Amino acid sequence: MISDTLKEKIESLPAILSIGEAADFFSVRYLTVYRLIRRGTMPAYKDGEGRWCVLRSDLKTYCSRNSNL
């Protein structure tokens, strides 16, 4: 379960995040988030221009599953 503070931070994010924005949120490098996506650990999709996108709701689910965050 995630804290109320973390829920508020997640809700303040845009509905769709780039890998860079997700990396900034977790304070990790772009490559770390990319690896999570490629492994299937973090849900994401490619937009029409071929860029990876992470939904805010998927980010919240990821945080809930990895409660040490």
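Per residue, the chain exposes an accessible area of 67 Å² to a 1.4 Å probe, with every protein chain left in place.
Note that segment 16-31 has calculated 3J(HN,Hα) couplings of 10, 10, 7, 4, x, 5, 5, 5, 4, 4, 8, 6, 10, 7, 3, 4 Hz, one per residue in order, obtained from phi through the Karplus relation 6.51 cos²θ - 1.76 cosθ + 1.60 (θ = phi - 60°); glycine and proline are x. Shown in residue order for segment 59-66 are the 3J(HN,Hα) couplings computed by the Karplus curve 6.51 cos²θ - 1.76 cosθ + 1.60 at θ = phi - 60°: 5, 5, 4, 4, 5, 5, 5, 10 Hz (x for Gly and Pro).
Working ranking of peptides 38-48, 11-21 by packing, defined as the average number of other Cβ atoms within 10 Å per residue, highest first, is 11-21, 38-48. The 3J(HN,Hα) values that the Karplus relation (6.51, -1.76, 1.60; θ = phi - 60°) gives for segment 39-47 are, in residue order, 6, x, 6, 10, x, 7, 9, 9, 7 Hz. Gly and Pro appear as x. Spread over its residues, the convex hull of the C-alpha atoms of the chain is 80 Å³ per residue.
Under 5 Å between amide hydrogens, built in the peptide plane, is the criterion, and for LEU13 it picks out nothing among residues at least 5 positions away or on other chains.
Only protein atoms count toward the accessible area here, which uses a 1.4 Å probe; on the chain, the carbon and sulfur part of that area reaches 48 percent. Using C-alpha pairs under 8 Å with a sequence gap of at least 6, the mean separation divided by the residue count of the chain gives a relative contact order of 40 percent. Put simply, the amide H of MET42, placed in the peptide plane, has neighbours under 5 Å in ILE37, leaving out anything fewer than 5 places away on its chain.
The values are calculated or read from the model by the stated rules, or taken from the named source; none is laboratory data. Nothing here was measured: the structure is a model prediction, and the numbers come from that model. Methodologically, a virtual Cβ is constructed for each residue, glycine included, from the backbone with ideal geometry; neighbour enumeration extends over all protein chains shown. These accessible areas exclude ligands, DNA and RNA; they are computed on the full protein's heavy atoms, side chains included. Shrake-Rupley method; radii C 1.70, N 1.55, O 1.52, S 1.80 Å.
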